[in-house]
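Just below is one structure, and these are the notes that go with it.
The values are calculated or read from the model by the stated rules, or taken from the named source; none is laboratory data. Bear in mind the structure is a predicted one, so any value in this text is a computation, not a measurement. All Cβ positions, even for glycine, are placed from backbone atoms using ideal geometry, and neighbour counts span all protein chains on display.
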Amino acid sequence: MDKRYFMFLISFKGCSSKDRDSDDDGLDDGFEVNVLGTLPNNIDSDGDGILDGTEYGLIADEVQIGYWMSDTYTYISGTDMGVFVPDSDPSTTTDPTDTDTDKDGLDDGVEDIDKNGRVSVSDYSESDPSNPDTDGDMIIDGEDPGIRDCDYDDDGLWDGPSIGIYFGELAYGTDNTKWDSEDTPDGLPDGLEVGLDLSSVKTGSAAYRGYNVMYTNYNVNDAYATTGYFWPDADDTTTTKPLIRDSDDDGLTDGQEDFRVF
């Protein structure tokens with residue numbers, strides 16, 4: 001070993017010439033210093049809560065454990081597998097030197113709650129730290145009211161802009177956190193007022209990039225029974241204004257004129 005390199009490594013507090021992975025993050029000390037620019041004596045160099053080796057995408061079979069050097073009768077320590085957390089999904093990785101890899105305003109460790117490198121299939125509180133828009137609704141995660149819910153308020157309009165056949169709140173200036181956007185609600189969901197029926201609304205949940213994403217909630221048993229669920233427009237040839245509670249200015253709110261909430 002080059003003496004200068006040896007002295008450089010032992011100058012890090014906690015590093016040892018007899019331990020390939022001094023901080024047990026799964027990465028050899030020399031690889032951290034010379035390649036990644038991470039700290040060989042700090043298991044989480046960027047402080048985001050996820051181990052450096054996990055962020056790099058290491059699995060258990062790729063980690064060097066301890067071994068004997070027979071010529072010198074010396075035991076060289078490796079990664080402590082009781083400390084290291086293997087990446088559960090090495091097909092996606094994050095940057096161990098950047099707290100917010102995808103620049104969505106959320107730290108990697110905030111998005112990957114269990115810190116295992118994999119976005120949970122069905123735990124909707126987790127988001128993807130390698131994708132700034134986890135649910136694909138064109139709103140970055142740090143600004144999205146529903147990180148894995150394309151229609152957070154279940155009014156039938158996607159939270160962001162219109163995408164393909166699906167209409168978005170930005171097209172109408174409505175509030176993506178309110179089922180009924182008027183300052184004084186008229187009792188009708190925004191999507192119904194703009195004329196959406198089931199053909200133009202994606203309901204339920206579906207797989208997206210390896211995990212599930214929520215779409216619009218719809219009560220199939222009684223379409224108009226519960227506020228907070230999408231109500232399809234039974235006559236999309238006539239519409240009302242989702243930001244004005246009395247669209248035709250006749251003294252009755254739109255909800256009063258619609259028999260569902262009279």
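Numbers at a glance
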item	result
Residue pairs meeting the criteria (Cβ under 6 Å; at least 6 apart or on separate chains; first buried (at least 16 other Cβ atoms within 10 Å of the Cβ) and among the hydroxyl-bearing types (Ser, Thr, Tyr), in the range 248-262; second modelled with pLDDT of 90 or more and in a loop (DSSP other than H, G, I, E, B))	Thr253/Asp186; Thr253/Arg245; Thr253/Asp246
Residue among Leu196, Leu192 that is in a loop (DSSP other than H, G, I, E, B), over 27 Å from Pro129 (Cβ atoms) and either modelled with pLDDT under 95 or among the hydrophobic types (A, V, I, L, M, F, W, C) (or both)	Leu196
Number of positions in the range 110-131 that are more than 23 Å from Val83 (Cβ to Cβ) and surrounded by fewer than 20 Cβ atoms within 10 Å (Cβ to Cβ)	6
Output for the range 115-158, where each listed residue is among the β-branched types (Val, Ile, Thr) and modelled with pLDDT of 95 or more	Val119, Thr134, Ile139, Ile140, Ile147
Breaking point among (1) modelled with pLDDT of 95 or more; (2) surrounded by 15 or more Cβ atoms within 10 Å (Cβ to Cβ), for Thr177	(2)
Options Ile43, Ile65; residue that is in contact (Cβ under 8 Å) with a residue 40 or more places away in the chain, of a type in the set (A, V, I, L, M, F, W, C) and assigned to a loop (DSSP other than H, G, I, E, B)	Ile43
Tally, over the range 140-165, of residues that are among the small types (Gly, Ala, Ser), assigned to a loop (DSSP other than H, G, I, E, B) and within 10 Å of the chain's Cα centre (by Cα)	1
Complete set of residues in the range 225-240 that are surrounded by fewer than 17 Cβ atoms within 10 Å (Cβ to Cβ) and on the phi < 0 side of the Ramachandran plot	Ala225, Thr226, Thr227, Ala234, Asp235, Asp236, Thr237, Thr238, Thr239
Scope the range 184-209; condition under 17 Å from Asp248 (Cα atoms) and of a type in the set (A, V, I, L, M); matching residues	Leu188, Leu192, Val194
Residue count for the range 205-222, restricted to those that are under 23 Å from Tyr172 (Cα atoms) and part of a loop (DSSP other than H, G, I, E, B)	3
Residue tally, condition without any contact (Cβ under 8 Å) to a residue 12 or more places away in the chain and crowded, with 16+ Cβ neighbours inside 10 Å, over the range 77-109	0
Test: residue in the range 233-241 that is basic (Lys, Arg) and over 17 Å from Tyr172 (Cα atoms)	no
The range 7-44, residues that are surrounded by 14 or more Cβ atoms within 10 Å (Cβ to Cβ), among the small types (Gly, Ala, Ser) and modelled with pLDDT of 90 or more	Ser22, Gly26, Gly30
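One line per residue, one yes/no per condition, for (1) surrounded by fewer than 16 Cβ atoms within 10 Å (Cβ to Cβ); (2) closer than 30 Å to Pro129 by Cα; (3) among the aliphatic types (A, V, I, L, M):
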position	(1), (2), (3)
Asp159	no, yes, no
Ala171	yes, yes, yes
Asp183	yes, no, no
Asp186	no, no, no
Ala207	yes, yes, yes
Pro242	no, no, no
Asp246	no, no, no
